[in-house]
Ligand SMILES: [Zn+2]
Ligand SMILES: [Zn+2]
C-alpha cells in the first residue's frame, strides 16, 4: 500500500523526497516547477542526480507530478490555449527527465464556450502535444474535478469522452480525488453507495486507468460543486470513504496522496497518515 502526500520542492526537487521520509510517506506527488508561475527554472544535472539518489536511499516513490494551476487546455482563447499547451509540454518533458510516470492535470475550463467545445479542445491539445513528444512515456492523468464554475471533468463521462478523442490512449490515465467526486455528487460514505460509485467509474472509464487517488476530505457538502479540501475525517466525508477505499483490494496498488494544508514540521501529514493506516483491516494469512 502506497500512502503519502503532496510535498514541496522548494530549494530543489529532491527536498520533496527528504521531507516525505520525515512525514512517513511511502509515495508522494510533486510539482516539477513553481505551480503559480509560467516560467520554469531549468533542472540541473546535479539536482536530477540527487533526486534519484534520495529516492533510492529513502525508498520513497514519486507516484506522480501535478501540473500548474495556470494551464487551461480547454480555453477558447487562442493565446492562453497556446501558452497552456507550451507549458504543459514542458511539464511532460520535465516528468520524463525525472522519470515520473504520471502527470496529474485538471482537464480544463470551457469559460463559456460550452462543455462539448471545451472537451474537444482539451483532447486536441493532448493529441498535438503527444505528437510533439513521441518518445515521452509519462501519462496524462486526468483528474476528476468538483465542477466549480466552468471546470470540466466532474462527470466520469467527461473524462471518458476526452480519452475517447485522444489517439494514443496508452498515454492516458485518471486520478480520482475523493473531495472532488463527493462535491460533484458521487456518494462514498455508505459501503453500498461506495461500491456503486466505483462500479460506475469502472463501467465508464475502466479501473485499469486509475493510477492515482487524492485523499482529501471536503469542507463543502455533498453535491456542492465546491473544491475545498479538509483533513481526512474532519470534513463532510468523515473517515468511512477512506476506510472503504483502503480496504478495497482492487485499489491496493493505486498510490493514495493527501493534498491538505500542513505546517513546516509536517505534523498534519504524519497524523493523517497514522489515522489512514489504522483504517486498514489486516487480513489473516491465506484469506
Ligand atoms: Zn486533487
Ligand atoms: Zn481540489
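No lab work stands behind these numbers, since they all come straight from the coordinates. Model, not experiment: these values are computed from the prediction. With ideal geometry, Cβ positions are generated from the backbone for all residues, glycine too; neighbour counts draw on all protein chains shown.
Go through 88-98, 48-58 and give me the packing order, highest mean Cβ count within 10 Å leading. Could the numbers behind the result be given before it?
Details: 88-98: 19.7, 48-58: 15.5.
Highest mean packing first, the order is 88-98, 48-58.
Pop a pseudo-label 7 angstrom from the Cα along the beta-carbon direction at both residue 135 and residue 202 and give the gap in nm to one decimal.
3.9 nm
Convex hull volume of the Cα atoms in the chain, per residue, in Å³?
Numbers: hull volume 37.7 nm³, N = 287.
Value for the chain: 131 Å³ per residue.
Take the Cα of residue 259, step 7 Å along the line toward its Cβ, and report every residue of the range 1-35 whose backbone nitrogen sits under 17 Å from that point.
Taking a point 7 Å out along Cα→Cβ of residue 259, the residues of the range 1-35 whose backbone N falls under 17 Å are 3-9, 27-35.
Please give the peptides 71-78, 163-170, 209-216, 6-13 ranked by average Cβ packing (other Cβ atoms within 10 Å per residue), highest first, as a rough proxy for protection.
On the way: 71-78: 20.4, 163-170: 13.2, 209-216: 23.1, 6-13: 18.2.
Ranked by mean Cβ neighbours within 10 Å, highest first: 209-216, 71-78, 6-13, 163-170.
Once the piece of chain linking residue 225 and residue 79 is laid out straight, how much longer is it, given 0.36 nm per residue of separation minus the C-alpha distance between them? The partial results should precede the final answer.
Details: separation 146, 0.36 × 146 = 52.56 nm, distance 2.83 nm.
Roughly 49.7 nm would be gained on extension.
Please quote Rg/Rh for the range 212-287 to two decimal places, taking the Kirkwood radius as Rh and restricting both calculations to Cα atoms. Each step should come with its number before you reach the end.
Details: Rg = 13.5 Å, Rh = 13.4 Å.
Rg divided by Rh gives 1.00.
Restricting to bridges with both residues inside the range 67-264, how much of the DSSP beta-bridge set is antiparallel, in percent to the nearest 5?
Taking every DSSP beta bridge within the range 67-264, about 20 percent pair in antiparallel fashion.
Want the number for residue 8 to residue 38: 0.36 nm per residue separation, take away the alpha-carbon distance, what's left?
Here the answer is 9.1 nm.
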